[in-house]
Amino acid sequence: MTDTPIQHVTDTAIWVAAYRAWETKRPDALFQDPLADRLVGESGHALARQMFEHGSVAWAVVIRTCLIDDFVRTLVAEGVDTVLNLGAGLDSRPYRLPLPPSLQWIEVDYPRLIEFKEDRLRTEKPVCQLRRVKMDLSDRADRLRLFEEVNASAKKVLVLTEGVVPYLSNTASAELADDLRGMDSFQFWALDYLSPYLMKYFARGRIARRLRHAPFQFNPENWVQFFAERRWPVRDFRYMGEEAVRLKRPYPFLWLVRILLRFAPPQRRQAMQRMSGFVLLEARPS
């Protein structure tokens, strides 16, 4: 055991996939991800157990998964013909969601993670047209070539960056936003939101030590304005705490915190519910 089980950002893909496997085994599971257990393996489960923080991260992964599933289903029904999943990790949506066979789904991630995933899923058949691209997304020239290729072949693209932007610097996030916005067919972008308070939490103590090799960095002064200035205004902002109430899966507060919050003013309770979320941006016309 080590205090820094995450040695590279690719380890975070295994970490969160383990929580999806755990959720699938629950009798009251909010979704089914039957391939997650195979992808994770015992070593992945061990990593997740070491990273576990009072169930809070596992809870967030489960709620986030539900939100992204909703976004994908809604946008595909509205005519999205391509999903570009950047930093796809061990996501298995092309296998488990009811997607049209004609949908183009493109996964992009580090070569070693893509190779690992292809090996584990070699006997499985996706429900849509799945393509995987081995790439270090920090190589701007490479990713621009890919973006231009996808832009030329697709009519309406949803870009998905699940668990990606929080690990980027403000500068790198701005460059990515500009690069995506430069593609005419890239109409939607779904990504994580973490409040400044939560960023401070992840920057200190035990969780910070565990994420030493893959720290959270993205922390603009105004999250919404940051993307709006790059012509990516918000279409749908889903806060984790509020969605958890809807899904009947409340945040796993310690019992004392639950009691204190019960008597807290409404503004305080709302702030707690809105510390994180998943957001759908829609490209603003030039």
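The values are calculated or read from the model by the stated rules, or taken from the named source; none is laboratory data. Since we're looking at a predicted model, the values are computed, not measured. Note: ideal-geometry Cβ built from the backbone for every residue, glycine included; neighbour counts use all protein chains shown. With ligands, DNA and RNA removed, areas are computed over all heavy atoms of the protein, side chains included. Shrake-Rupley method; radii C 1.70, N 1.55, O 1.52, S 1.80 Å.
A few comments on the model shown:
- Looking across 168, 176, one residue alone is farther than 22 Å from residue 74 by Cα, out of contact with any Phe, Trp or Tyr (no Cβ under 9 Å at 6 or more places or on another chain), open to solvent by less than 50 Å² (accessible area, probe 1.4 Å) and not β-branched (Val, Ile, Thr). It is 176.
- The one condition in (1) within 19 Å of residue 234 (Cβ to Cβ); (2) touching a Pro at 6+ places or on another chain (Cβ under 6 Å); (3) open to solvent by 30 Å² or more (accessible area, probe 1.4 Å) that residue 192 fails to fulfil: (3)
- Hits in the stretch 221-249 - residues which are assigned to a helix (DSSP H, G or I) and not hydrophobic (A, V, I, L, M, F, W, C): 225, 241, 242, 243, 246
- Scanning the stretch 55-110 for residues that are of a type in the set (Ser, Thr, Tyr) and open to solvent by 10 Å² or more (accessible area, probe 1.4 Å), we see that the one that is farthest from residue 151 (Cα to Cα) is 56.
- Residues located in the stretch 206-240, provided they are open to solvent by less than 40 Å² (accessible area, probe 1.4 Å) and out of contact with any strand residue (DSSP E or B) (no Cβ under 8 Å at 6 or more places or on another chain): 207, 208, 210, 211, 214, 220, 226
- In the stretch 209-242, the residue that is farthest from residue 71 (Cα to Cα) out of those that are among the acidic types (Asp, Glu) and modelled with pLDDT of 95 or more is 229.
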